[in-house]
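The values are calculated or read from the model by the stated rules, or taken from the named source; none is laboratory data. In this text, all values refer to a predicted model and were calculated from it rather than measured experimentally. Counting neighbours? That spans all protein chains shown, and the Cβs are built from the backbone with ideal geometry, glycine included. With ligands, DNA and RNA removed, areas are computed over all heavy atoms of the protein, side chains included. Shrake-Rupley method; radii C 1.70, N 1.55, O 1.52, S 1.80 Å.
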Amino acid sequence: KQEVTQIPAALSVPEGENLVLNCSFTDSAIYNLQWFRQDPGKGLTSLLLIQSSQREQTSGRLNASLDKSSGRSTLYIAASQPGDSATYLCAVRYNQGGKLIFGQGTELSVKP
Amino acid sequence: GAGVSQTPSNKVTEKGKYVELRCDPISGHTALYWYRQSLGQGPEFLIYFQGTGAADDSGLPNDRFFAVRPEGSVSTLKIQRTERGDSAVYLCASSLIGGTTDTQYFGPGTRLTVL
């Protein structure tokens, strides 16, 4: 069964810390992997998308890495800010246009 | 430009009633997806349209759930004989297949509460 797991389920850090969120997937034959942000009561905002042939993607203070062989991805957030507080979701896709399979998310709280 | 929109934003209904949830995708996006998200969980896939046809409906939980996209744009998710367990946020996403990426863009969701 194709499953996605995110650890930890919740994380609280002081402002300014660098942090890493983890995502693992059971079937390594992915097409691509996407990281999303979800604010309470809101929809999902795409942060980064990594194709299966790529090792990492960067956007501003965010860096996502992909290791297909080990079935893992990490989302690195540099110099965290209170505005980064949200739930972060990892999702994988196994074919072009196909469905996303999501992890359960990591709820991040950045304290001022 | 306009993003994915969903109506209504909130829907409260009684057990056994019929509901329709609407999704307006980003203009020109050929693919449309429905997901369901329960509290504290990640979204779960329901159905995916490529154009007017359902390319994958393997996530529909049972035959009370049905979705259409008659003109390849707007989609409606229909739930018959609603049950309390159907209470969740229903999310819609759209994407443009065949580009350099096929990022899915999500709407704000419809929160369905079945009393």
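Quick look at the numbers
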read-out: Residues being without any contact (Cβ under 8 Å) to a residue 40 or more places away in the chain and open to solvent by 40 Å² or more (accessible area, probe 1.4 Å) - total across segment A:77-92; value: 1
read-out: Scan of segment A:45-76 for residues that are of a type in the set (Val, Ile, Thr), more than 10 Å from chain B (Cβ to nearest Cβ) and surrounded by fewer than 16 Cβ atoms within 10 Å (Cβ to Cβ), ordered by number; value: A:Thr58
read-out: Residue among A:Gly105, A:Gly16 that is among the small types (Gly, Ala, Ser) and under 25 Å from B:Ser94 (Cα atoms); value: A:Gly105
read-out: Residue match in segment A:4-21 (condition: within 11 Å of A:Cys90 (Cα to Cα) and open to solvent by 50 Å² or more (accessible area, probe 1.4 Å)); value: yes
read-out: Residue identified as at pLDDT below 95, β-branched (Val, Ile, Thr) and within 30 Å of B:Gly51 (Cβ to Cβ) among A:Ile7, A:Ile50; value: A:Ile50
read-out: Evaluation of A:Lys42 against (1) over 14 Å from the mean Cα position of the chain (by Cα); (2) open to solvent by less than 60 Å² (accessible area, probe 1.4 Å); (3) within 11 Å of chain B (Cβ to nearest Cβ) (one fails), failing number; value: (2)
read-out: Members of segment A:28-74 that are in a strand (DSSP E or B) and out of contact with any Ser or Thr (no Cβ under 8 Å at 6 or more places or on another chain); value: A:Leu44, A:Thr45, A:Gln57, A:Thr58, A:Ser59, A:Leu62, A:Asn63
read-out: Scope segment A:85-99; condition modelled with pLDDT of 95 or more and within 7 Å of chain B (Cβ to nearest Cβ); matching residues; value: A:Leu89
read-out: Given (1) free of Cβ contacts under 8 Å to residues at least 12 places away in the same chain; (2) farther than 21 Å from A:Asn32 by Cα, index of the condition B:Ala54 fails; value: (1)
